[in-house]
1. Would you mind checking the pairs LYS59/LYS170; LYS43/LYS84; LYS84/LYS170; LYS11/LYS84; LYS43/LYS99; LYS11/LYS170 and listing those with alpha carbons more than 24 angstrom apart?
2. Over the Cα atoms of the chain, what is the Rg over Rh ratio if Rh follows Kirkwood?
3. Only Lys, Arg, Asp and Glu count, each charged at its Cβ (+1, +1, -1, -1), so figure out the dipole size of the chain about its Cα centre, rounded to 20 debye.
4. Expressed as a whole number of Å, what is the distance separating the alpha-carbon centroids of the range 80-97 and the range 153-202?
5. Could you tell me which chymotrypsin sites (Phe, Trp or Tyr not before Pro) in the range 1-68 are loop residues by DSSP with no more than 11 other beta carbons within 10 angstrom of their beta carbon?
6. Once neighbouring chains are kept in place and the probe is 1.4 Å, which whole percent of the accessible area of the range 110-176 is contributed by carbon and sulfur?
7. Can you tell me the accessible area per residue over the range 1-156, all protein chains present, probe 1.4 angstrom, in square angstrom?
8. Given 5 Å bins starting at zero, what is the percent of C-alpha pairs of the range 17-71 in each, up to the one with the largest pair distance?
Amino acid sequence: MRFEDRNEILKPGYLPLESGIIRYDDGSVTIAALTRMPHCRAKMVHWWFGWLGGTDQYKLWHPVDHIFSDWEDRGNGGNYYGAKHLVHETLGGGGEVHKLRIHFRDPHEVFDPARYDQVDGHAVCARPGSLERPVNLGHMTHFVRNTDYGCEMRTRFWMGDVHHQDLTTKLPDEVVQTIRREALTDDFCTRLHRHAIEEMGYLADLLPVLYRQVTQDARF
């Protein structure tokens, strides 16, 4: 599923690829991961991204890969829409340190608003990019829907729509192709897939107790 087909994830059931990697002829890549989260609810995942702060909290999410966390343009009251999460992390248990600026978005800007509002869940949407140069590598969503046992997260990284972080500035096609080729290697994609599975597994374990301790909300 390419980014243009993103509204397909709003349908009931599952898509042909729920965990794995698809590489396209133009150099773009879709990376999917599925995490089942017993005793969690979609509202807890939404809360997590609003509560998540500095490095100590970030390390709860993945104590091996996560190194540093800070924020830009973050509003009060846990609103992360429009904020940029500044992170340093490795992928898949080691290797290169990736320094990222992750631009969070309102899911109504990403999905068909009317169809999105019919879903019993929540989508965390962003443009993942570089902290060291003003370039985004594509789009991502953590699409969380409630289930009878808790909730499940269907993660998608749509990598390859390389664009300037100033959306009014267009990158030359040759720059886009070069960045795709250099950044979206097989090793990077494999590590990102593993990282997504691991960090959301950690989150599934810690979130039910943490959410209730911090918010005092015991409703399921």
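1. The pairs that break the limit, which is 24 Å between Cα atoms, are LYS59/LYS170; LYS11/LYS84; LYS43/LYS99; LYS11/LYS170.
2. Rg/Rh for the chain comes to 0.94.
3. 440 debye
4. Taking the Cα centre of each part, the range 153-202 and the range 80-97 sit 12 Å apart.
5. When the chymotrypsin sites (Phe, Trp or Tyr not before Pro) of the range 1-68 are filtered for loop state and at most 11 Cβ neighbours within 10 Å, TYR14, TYR24 remain.
6. After summing per-atom areas, the C and S share lands at 52 percent.
7. 43 Å²
8. Percent of Cα pairs in each bin: 4, 14, 15, 16, 19, 18, 10, 4, 0.
The values are calculated or read from the model by the stated rules, or taken from the named source; none is laboratory data. Values in this document were obtained by computation on a predicted structure and should not be read as measured data. Every residue, glycine among them, receives a Cβ derived from its backbone with ideal geometry; neighbour counts consider all protein chains shown. These accessible areas exclude ligands, DNA and RNA; they are computed on the full protein's heavy atoms, side chains included. Shrake-Rupley method; radii C 1.70, N 1.55, O 1.52, S 1.80 Å.
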